[in-house]
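Everything below concerns the one structure shown next.
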Amino acid sequence: MTSFTSLRQRVLAVLGAVSMYRLTLSSLAILAAIAFVLSFFGLVGPSPLELALSFVVLAIVISLVDAAAQRLLHLPWRLESSLVTALILLFVMRPGADATALVGLALAGAIASVSKYLIAWRGRHIFNPAAFGAAVVSIAGAFGAFAWLGTSASWWVGTPAMAIPVALFGLAVLWRTEKVRVVLVFLLLAVGAAVVRQAVQAQQFNIAFDLPTALSFAVLQSPFLFLGVFMVSEPLTSPPRRWQQFWVAGVVGVLAGWPIPVGDLFTLGQERALLIGNLLALTFALRGSVRLTLEKREFITPTAQELTFRAQGRLRFQPGQYLELDVPHHRPDARGTRREFSIVSAPADLPTLRIAYKNGDQKHPSSYKRALAAAEPGTVLAVTGTWGDFLLPKGEAPVLMVAAGIGVTPFVSQLRELQAAGHNRDIVLVYVASEASELAFRSELEATGVPVVVFTRDRPEGLPAHWTWAQGVRLDAEGLERVVPDISSRHTFISGPPRLIADLAPALQKARSVTTDAFAGY
């Protein structure tokens with residue numbers, strides 16, 4: 001378990017160099033290239049010409065509709081979003097080279113794109129766009145007036161030749177978005193429901209049932225892998241809490257594995273199951289895009305800044321959660337225009353909201369960092385949502401907080417909330433920084449009265465009585481056990497770079513429980 005935890009965090013550190021949006025686009029593009037090559041050997045259903053023409057039509061139509069809608073709504077055009085939708089529809093719909101098929105694909109793409117803007121809640125689309133476009137065209141094709149449409153949802157990607165590539169590139173996406181467990185729940189229930197369904201049907205028709213064959217069919221010749229890793233895991237239509245995501249994944253898995261017929265026209269399987277899951281996610285959290293007006297910025301350490309905003313609209317979060325901040329700018333690099341930031345302020349501080357970030361590489365900053373640094377007071381930015389399960393357990397059980405650098409931000413929010421509520425809890429904070437000047441939020445942490453163990457290269461001046469300088473900038477498993485000998489009795493929370501979590505893995509395994517909030521930089 002220790003080795004797995006360490007490996008998981010080190011892989012996350014590597015994947016964190018690319019935004020999840022670009023990683024998803026790259027993975028889908030590579031899968032499309034693999035499918036194109038396989039089509040020459042007849043290992044996938046569509047022909048090379050069908051794949052090429054279908055993708056061109058989908059990409060052009062979706063890009064044009066997105067560009068027009070975003071121009072009309074004064075939003076920045078995101079080509080990556082258009083291409084991701086086009087690639088997903090390429091794998092979901094039945095490709096074709098004739099006019100009726102291409103018109104049907106164009107219609108599915110246009111509907112998918114329009115749904116982002118018309119079927120939305122407070123600036124956030126409700127349904128997975130690709131699933132919505134595929135469902136509308138497929139259902140319409142079941143009626144006489146639209147029977148001429150030459151395409152429908154076929155999920156041809158569910159073929160043995162594509163199973164391993166989808167699993168490998170899908171795992172990279174899930175690892176980056178930390179949705180591995182959620183999609184595993186979906187897959188287990190979807191495969192289980194499909195196998196049980198095959199067994200029931202075999203009994204009804206008095207035919208032999210072979211369990212290995214049924215399992216092989218459900219895993220290798222079904223859309224479950226692709227549906228799970230590239231659609232169920234979509235962050236923008238996911239509820240904010242992990243347990244809510246499990247419920248959504250479970251409902252979609254059961255409906256996809258055992259499609260419920262609606263009359264004699266269609267079933268509630270596959271993309272329609274996902275749309276039902278999207279509605280369930282909406283009931284868990286009726287949230288949407290909230291505007292933030294930048295009020296001020298200030299350096300809280302020589303290399304870290306704090307931004308103070310005023311929220312315009314209803315914003316809900318719990319101490320320890322994070323938000324995703326959209327900063328549109330010209331020619332974004334591979335990291336995109338959105339980043340996740342832990343919230344520094346407590347819910348009681350609203351409508352004032354604070355985040356903090358480290359400047360990072362000053363010689364080669366990301367385009368996002370440059371755009372954020374250029375934002376002046378009065379600038380309005382959008383929060384696309386709040387997420388996270390980095391929440392303190394209920395009750396009075398002892399807690400250990402381990403923070404590295406700016407990773408202290410969620411703990412400031414949690415401690416401020418406890419202080420405001422008058423709760424006195426057994427908490428120890430271990431704070432690691434390169435040097436004393438990099439200790440952020442000292443006054444706020446001191447005011448909480450929580451014991452703090454500081455690891456810095458130089459000795460901090462004026463430490464209060466309940467703070468201890470442990471010396472040394474490097475914290476490893478042995479050092480953590482030395483300064484917190486009762487770690488086995490504490491719920492441990494650690495916020496910092498994945499590599500630090502990997503180094504502390506041996507000690508963390510001894511804790512009562514471990515919750516991590518890894519970040520891979522900006």
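The numbers here are math on the coordinates, done by the rules we state, and not lab data. On a predicted model such as this, the values are computed, not experimentally measured, just so you know. Don't worry about glycine lacking a Cβ; one is built from the backbone with ideal geometry, like all the others, and counts go over all protein chains shown.
In the chain, what percentage of the DSSP-assigned beta bridges are antiparallel, given to the nearest 5? It would help to have the intermediate numbers written out before the result.
On the way: 36 of 60 bridges.
Antiparallel bridges: around 60 percent, rounded to the nearest 5.
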query = Given the C-alpha centroids of the stretch 181-235 and the stretch 350-429, what is the distance between them in whole angstrom?
reply = 41
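Quick one: compute a quarter of the convex hull surface over the Cα atoms of the chain and quote it in nm².
Details: hull surface 106.0 nm².
Seen from a random direction, the Cα hull of the chain projects 26.5 nm² on average.
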ask   = Taking the Cα atoms only, what angle lies between the long axis of helix 48-72 and the longest principal axis of the chain, rounded to 10 degrees?
value = 50
task = Starting from 0 in steps of 5 Å, tell me what percent of the Cα-Cα pairs of the stretch 420-479 lands in each bin.
result = 4, 18, 30, 24, 13, 8, 3
note = The FRET efficiency for F246 and T100, from their Cβ-Cβ distance with R0 = 35 Å and rounded to 0.05, is 0.30
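Taking Rh as the Kirkwood radius computed over C-alpha pairs, what is the Stokes-Einstein D of the stretch 279-409 at 4 °C in a medium of viscosity 1.567 mPa s, expressed in µm² per second?
Answer, rounded: 81 µm²/s.
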request  = Would you calculate the separation in nanometres between label points at L279 and E435, each defined as 7 Å from the Cα along the Cα-to-beta-carbon direction?
outcome  = 6.0
ask   = Hey, what angle do you get for helix 180-204 against the long axis of the chain, alpha-carbon based, 0 to 90 degrees rounded to 10?
value = 30
task = Can you list which of the chymotrypsin sites (Phe, Trp or Tyr not before Pro) found in the stretch 78-160 are DSSP loop residues with at most 14 other C-beta atoms within 10 Å?
result = F143, W148
query = Whole-Hz Karplus ³J(HN,Hα) for the stretch 235-246, in order, using 6.51 cos²θ - 1.76 cosθ + 1.60 and θ = phi - 60°, x for Gly and Pro?
reply = x, 5, 10, 9, x, x, 9, 4, 5, 5, 5, 4
message = Run lengths n ≥ 4 of DSSP H only: what is the helix-derived mean residue ellipticity at 222 nm for the chain, with -39500 (n - 2.57) per run over all residues, to the nearest 500?
response = -14500 deg cm²/dmol
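Write down, largest first, the equivalent ellipsoid semi-axes of the stretch 190-301 in whole Å, where each equals the square root of 5 times an eigenvalue of the alpha-carbon gyration tensor.
Working: eigenvalues 319, 49, 20 Å².
Calculated on Cα positions only, the semi-axes equal 40, 16, 10 Å.
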Karplus 3J(HN,Hα) series, Hz, for the stretch 411-423 with 6.51 cos²θ - 1.76 cosθ + 1.60 (x for Gly, Pro) = 6, 4, 4, 5, 5, 5, 5, 4, 5, 5, 7, x, 8
Inter-site label distance for A375 and E295 at 7 Å from Cα along Cβ, in nm = 1.5
query = Once amide H atoms are built 1.01 Å from N in the peptide plane, which residues 5 or more positions from A304, or in another chain, come under 5 Å H to H?
reply = N359
inquiry  = P(r) for the stretch 450-522, please, calculated from all Cα pair distances in 5 Å bins and given in %.
reply    = 3, 15, 23, 25, 20, 11, 3, 0
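Under 8 Å for C-alpha pairs, at least 6 residues apart: give me the relative contact order for the stretch 369-492, rounded to a whole percent.
Values: 153 pairs, mean separation 29.6, N = 124.
Worked out over the stretch 369-492, it gives 24 percent.
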query = If amide H atoms are built 1.01 Å from N in the plane of the peptide, which residues on other chains or at least 5 residues away come under 5 Å of the amide H of D389?
reply = none
query = Ratio of Rg to Rh for the stretch 360-458, alpha carbon only, Kirkwood?
reply = 1.03
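Counting only C-alpha contacts under 8 Å and six or more residues apart, can you give the relative contact order of the chain as a whole percent? Numbers along the way, then the final one.
Details: 999 pairs, mean separation 68.9, N = 522.
Averaging sequence separation for qualifying contacts and normalising by length gives 13 percent for the chain.
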ask   = For the stretch 376-522, how big is Rg over Rh, using alpha carbon atoms and the Kirkwood form of Rh?
value = 0.97
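Which whole-number percent of Cα pairs in the stretch 245-327 have a distance greater than 18 Å? Walk me through the numbers before you get to the answer.
Working: 2132 of 3403 pairs.
Result for the distance tail: 63 percent.
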remark   = Two pseudo-spin positions, 7 Å from Cα along C-beta at V262 and at H330, lie apart in nanometres by 4.7
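Note down the relative contact order for the stretch 181-300 as a percent, whole number, built from C-alpha pairs under 8 angstrom at least six residues apart.
On the way: 120 pairs, mean separation 38.1, N = 120.
Contact order relative to length: 32 percent.
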remark   = Residues whose built amide H sits under 5 Å from the amide H of D476, excluding neighbours closer than 5 in sequence, are none
task = Determine, at each q value in 0.22, 0.24 (inverse angstroms), the log₁₀ of I(q)/I(0) that the Debye formula gives when each Cα of the stretch 128-207 is one equal point scatterer.
result = -1.10, -1.11
ask   = Quick one: longest stretch of the chain between exposed loop GluC sites (Glu not before Pro), exposed meaning at most 11 other C-beta atoms within 10 Å and loop per DSSP?
value = 1-395
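Grab the Cα-Cα distance for D458 and L49, subtract it from 0.36 nm times how many residues apart they are, and report the gain in nm with one decimal.
That works out to 140.7 nm of additional length.
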